[in-house]
Amino acid sequence: MPTIQAGDLNVHYLDVGDGEPIIFVHGNWASSGWWLRVLERLPAGYRGLAPDLRGRGATQGPDSDYRMSSMAADLWRFADALGIERCHLVGHSLGAAIVLQAALDQPDRVITLAVLAPPWVDGMPDEVYQPDRQQLLKDNPDFFAQAIKAMAPTAPEDDLWRELVMIGHSQRLSAANGAIDALREWKPGDRLRTIGVPALVMGGELDPLVTTETVRRAAEALGVEAQIIPGVGHSANLEAPDRFLALLLPHLAQARSS
């Protein structure tokens, strides 16, 4: 698996296929491998790239303030290091917020934008902001495994799942706490509509964290209709990759026909 120097990070990433670049961005307590089932199904004509974010996976480098603008800047430095001027952006959970911020910061570099389980575009609610839970997730591997499974209830508990849980638990606590602080502060709201590129907003019917109401609010802010995937939780990229791609691929193809 390749690595590349991007600013102060040595970024570990997955790289599959050739063609139009798509950068897939994972969520909190996760890693690039959460995109593996999607990457292995990409059709010809696309290059799928999935980096491990700062403080997560096998990416090496110091902590930052983990604010959304900082994580978006990390993403563009990764694209710069690979010589990618324009790309499709796809984000999951925390990664959805990162790609939305990246698109706000540099909209001319975005071909299309897709988000799965997008977080609260008007700021994380107080009842969801739980720093003590982040500590508990880090301190107790069994609790972490149970909590992650509850988020993705229909994901197969195979070798990949067990590896993803192990890698996810290795995340720095500073990155986890930085993420929830960033999500509490991040409130782009209806400004998202100024991005002005084709957008796709998806959520899982059974998601216990990012509710369908939250997904629909993000879609409203972007000026599109939310796509709710039935029978899956927080992570359709793992739980139902074929159904996820059935929504994503026609969305990507818009750029070719426009």
Take segment 219-234 and flag every residue that is touching a strand residue (DSSP E or B) at 6+ places or on another chain (Cβ under 7 Å) and open to solvent by less than 40 Å² (accessible area, probe 1.4 Å). Ala219, Leu222, Ala226, Ile229, Val232, Gly233, His234
Does Gln134 qualify as being at pLDDT 95 or above, in a helix (DSSP H, G or I) and under 22 Å from Met68 (Cα atoms)? yes
So which residues in segment 93-108 are open to solvent by 10 Å² or more (accessible area, probe 1.4 Å), more than 17 Å from Arg217 (Cβ to Cβ) and in contact with a helix residue (DSSP H, G or I) (Cβ under 7 Å, 6 or more places away or on another chain), if there are any at all? Asp105, Gln106, Pro107
Name the pairs: first residue in segment 159-182 and among the aromatic types (Phe, Trp, Tyr), second residue modelled with pLDDT of 95 or more, Cβ to Cβ under 6 Å, at least 6 apart or on different chains? Trp161/Ala155
Given Arg54, Arg47, Arg41, Arg37, which one is in a helix (DSSP H, G or I), of a type in the set (Lys, Arg) and modelled with pLDDT of 95 or more? Arg37
Consider segment 205-222. How many of its residues are closer than 23 Å to Arg162 by Cβ and either in a helix (DSSP H, G or I) or touching a helix residue (DSSP H, G or I) at 6+ places or on another chain (Cβ under 8 Å) (or both)? 3
What are the residues in segment 223-258 that are in a loop (DSSP other than H, G, I, E, B) and more than 19 Å from Ala152 (Cβ to Cβ), if any? Gly223, Val224, Glu225, Ala226, Ser258
Got at least one residue in segment 120-138 being touching a residue at least 60 places away in the same chain (Cβ under 8 Å), under 30 Å from Pro188 (Cβ atoms), open to solvent by less than 20 Å² (accessible area, probe 1.4 Å) and in contact with a Pro (Cβ under 7 Å, 6 or more places away or on another chain)? yes
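The values are calculated or read from the model by the stated rules, or taken from the named source; none is laboratory data. For clarity, every value in this text was computed on a predicted model and none was experimentally measured. Glycine also receives a Cβ, built like all others from the backbone with ideal geometry; neighbour counts cover every protein chain displayed. Note: areas computed on protein heavy atoms with side chains; ligands, DNA, RNA excluded. Shrake-Rupley method; radii C 1.70, N 1.55, O 1.52, S 1.80 Å.
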